[in-house]
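Take a look at the structure set out below.
The values are calculated or read from the model by the stated rules, or taken from the named source; none is laboratory data. As the structure is a computational prediction, the values presented were derived from the model and not from experiment. Note: ideal-geometry Cβ built from the backbone for every residue, glycine included; neighbour counts use all protein chains shown. These area figures cover heavy atoms from the full protein model, side chains too; ligands, DNA and RNA do not enter into them. Shrake-Rupley method; radii C 1.70, N 1.55, O 1.52, S 1.80 Å.
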Amino acid sequence: MYLADFLQLLVYGVISGSILALGAIGVSLIFGILRFAHFAHGDLMTVGAFCALAAVTGLGLPVIAAIPFAILGAVVVAVGIDQTIYRRLRRTAPVILLISSFGMAMALRAVIQIIWGTQDRVYQSGIQLPYRIGDIVLQPAHVWILAGTALLVAAVHLFLQKTSLGKAMRAMSDNMDLARVTGINAERVIIWTWVMGAGLAAVAGVFLAMDTRLHPTMGWHMMLPIFAAAILGGIGKPYGAILGGLIIGVAQELSTLWLSPAYKPAVAFAIMVFMLIVRPQGLLGGRR
Amino acid sequence: MTIPAGSLLALDNVYGGYGGVDILRGVTMTVQPGEIVVIIGPNGAGKSTSMKAAFGLVNVREGRVAFEGRDITNWRADRLVKLGMGFVPQEHNVFPSLTVQENLEMGAYLNPKGMRARMDKIFGIFPRLAERRRQAAGLMSGGERQMVAMGRALMAEPRMLLLDEPTAGLSPLFIEQTFERVVEINKLGIGILMVEQNAKQALAIAHRGYVLAMGENRFEDTGPNLLANREVAELFLGG
């Protein structure tokens, strides 16, 4: 093993970890406030990626300029599902919400397949010249992914710490009943939580498609490492989700030094199970 | 009975509880503007339940609740906060991962204008909170948490404050301090309805008190009279 290989995999790990982190922040926020694991989150990523594709092919935009369309599409879908389906189930057991989100995941995937078909697609065909830093190779898309994630994580941090809506989200995640008697309009905050979670998922979906390619199951296949990231960091803790995403991403890439890349999901699964056994509250002490 | 005119809060023959079982079986009480009113009684008497019924947290099946003459029966909590009522639950009454200052800010969520001035006023009542403003509320002692919880409720500028056992689990020193703060808050013109286990101390600062038993009114009198009442003393004040 050469140092250069190691560093190259580390870079790839941080890139795929960034995508996981953006998805896991939303999963973690939604779990913190609504108390269920949102299984359709990966498919919201897919929705975002394909909405960007529509803007790229329909309007001739470069993919970065198509990101607002991805966000808009995923947010409309997420808030729509919440208000028509999940909202009616809020007073029931969380497991019912979980199962219904599983159903929504399948429905979203099916709709995407009906509209865009099942073949692989890319935003932009042809070869892009990579950057070389020493022995490390970096695609232009990777630079966008790293910079975009850094920007969004900083924005999420400022939002949660400095704005009154962000603080209300943290308050609701701490104690929903107290938030209600404090006068916080819970339903309004829930809608904004979906806006934020779906917006980040959409960007994650576009980044994933830039890194690989578009396919109706692309987001669904990310659910396992995303849940692993959210659990690793401490479910309900957005900062933990960022940390967890990066660790899972790097662990998956580095594992290919010894294992076949086909085992990447198994690595994420193993970390998740290990964490649930030794420290179920996660690295940053979320909920069990 | 009809709701008496001029009352701040009134419960009129309230029946209700959790699920299908009535815990309250005809509870009637009023709080006049500027009053401290204490609810005492044995465990399971429906003290906290009465208070929660007033704040829309328990389903009122029959009877009425009114605030300043307006019917608020079974209203949602955020509407009541907007109307001028504040509620401090007994347990889990702070946001543990938020700082003291953020907890107070949440109290002003509906009405953030002039928040700084209000916060300074609350730091005047609870100087300890000013010292600890950047600390996570979950890391504070029970007594300090009670201060955060009261401060949070006061940030909404209520005209009426409901306190559910504010001294539960506190050391004697903190119990005394908490009652002093309650009197101080009351002097700002805020009516107070309080459920208390430390009945003697609570009645000593109260204008009036209600004794509940089995979800019904048993006695109702001024604080000093209830303290002097032999039957109340034997049954509910521990001799």
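This table checks each residue for (1) farther than 30 Å from A:Phe69 by Cα; (2) touching a Cys at 6+ places or on another chain (Cβ under 9 Å); (3) open to solvent by less than 10 Å² (accessible area, probe 1.4 Å); (4) not aromatic (Phe, Trp, Tyr).
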{"position": "A:Phe207", "(1), (2), (3), (4)": "no, no, yes, no"}
{"position": "A:His221", "(1), (2), (3), (4)": "no, no, no, yes"}
{"position": "A:Ile226", "(1), (2), (3), (4)": "no, no, yes, yes"}
{"position": "A:Leu254", "(1), (2), (3), (4)": "yes, no, no, yes"}
{"position": "A:Ala262", "(1), (2), (3), (4)": "yes, no, no, yes"}
{"position": "A:Ala266", "(1), (2), (3), (4)": "yes, no, no, yes"}
{"position": "A:Met272", "(1), (2), (3), (4)": "yes, no, no, yes"}
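Scanning the stretch B:109-127 for any residue that is under 26 Å from B:Ser50 (Cβ atoms) and within 14 Å of chain A (Cβ to nearest Cβ) turns up at least one such residue. Here B:Arg181 meets each of (1) within 20 Å of B:Ala206 (Cα to Cα); (2) open to solvent by less than 10 Å² (accessible area, probe 1.4 Å); (3) in contact with a helix residue (DSSP H, G or I) (Cβ under 7 Å, 6 or more places away or on another chain) with one exception, condition (2). When A:Ala150, A:Ala201, A:Ala141, A:Ala186 are checked against the criterion of being buried (at least 23 other Cβ atoms within 10 Å of the Cβ) and in contact with a helix residue (DSSP H, G or I) (Cβ under 9 Å, 6 or more places away or on another chain), A:Ala201 stands alone in meeting it. The single condition from (1) within 12 Å of chain A (Cβ to nearest Cβ); (2) under 30 Å from B:Gly44 (Cβ atoms); (3) surrounded by fewer than 22 Cβ atoms within 10 Å (Cβ to Cβ) that B:Gly142 fails is (1). When A:Val122 is tested against (1) free of Cβ contacts under 8 Å to residues at least 40 places away in the same chain; (2) surrounded by 13 or more Cβ atoms within 10 Å (Cβ to Cβ); (3) more than 14 Å from chain B (Cβ to nearest Cβ), exactly one condition is not met: (1).
Of note, A:Val206 does not satisfy the criterion of being within 10 Å of chain B (Cβ to nearest Cβ) and in contact with a Gly (Cβ under 9 Å, 6 or more places away or on another chain).
Does A:Ala66 satisfy the criteria of being buried (at least 21 other Cβ atoms within 10 Å of the Cβ), in contact (Cβ under 8 Å) with a residue 24 or more places away in the chain and under 21 Å from A:Ile242 (Cβ atoms)? So A:Ala66 does not fit the description; no.
Which one of these does B:Ser97 not meet: (1) of a type outside the set (Val, Ile, Thr); (2) on the phi < 0 side of the Ramachandran plot; (3) under 18 Å from the mean Cα position of the chain (by Cα)? Status for B:Ser97: all satisfied but (3).
Here B:Arg128 does not qualify as in a loop (DSSP other than H, G, I, E, B) and under 27 Å from B:Glu176 (Cα atoms). Looking across the stretch B:147-159, the residues that are assigned to a helix (DSSP H, G or I), over 12 Å from the mean Cα position of the chain (by Cα) and more than 9 Å from chain A (Cβ to nearest Cβ) come down to B:Met147, B:Val148, B:Gly151. Looking at B:Asn103, B:Asn93, B:Asn13, just one residue is in contact (Cβ under 8 Å) with a residue 24 or more places away in the chain, in a strand (DSSP E or B) and of a type in the set (S, T, N, Q), and that residue is B:Asn13.
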